[in-house]
Amino acid sequence: MEFLDWFRHPTGRWSRLAFIAPALAKNVEGVFVIWQDRTYRKVYVGHGNVKDEIVRLRQDVRGTRFGSESLLIAWALIQHPKTRERVHRYLVERLRPNYRIFDSRGAILIQTGEY
């Protein structure tokens, strides 16, 4: 497993999904983890274009019991698609996120349980 350099807000803290500027992740292809502040419950592990995912996920969690204000996000740059997919699978297996979040193209917005 390669070393991942996780992005933090310039203040050194983890970034809130609701307030992070998507431009900070412009042109970043990588993996990301979203978790609840205070409980550290892993909500979602994803991969792809991080900027696009930030924008999409903000829309998807609006109006849910989470709300994007309580969610933190961290991402790591991984350029090679096959490596990105392997790291994503590894993170899902290790972190075992409690929820799935699907966008408007999918069926389920929030689903409890492991996957």
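The values are calculated or read from the model by the stated rules, or taken from the named source; none is laboratory data. Keep in mind it's a predicted model, so treat the numbers as computed, not measured. Neighbour counts run over all protein chains shown; Cβ positions are idealised from the backbone, glycine included. Areas reflect the complete protein model, heavy atoms only, side chains present, ligands, DNA and RNA absent. Shrake-Rupley method; radii C 1.70, N 1.55, O 1.52, S 1.80 Å.
For the reader, a short list of remarks on this structure follows.
- Taking Cβ atoms as reference points and 14 Å as the exclusive limit, the residues near SER15 contribute a net charge of +2, counting Lys and Arg as +1 and Asp and Glu as -1.
- Probe 1.4 Å - accessible area at TYR44, Å² to nearest ten: 30 Å²
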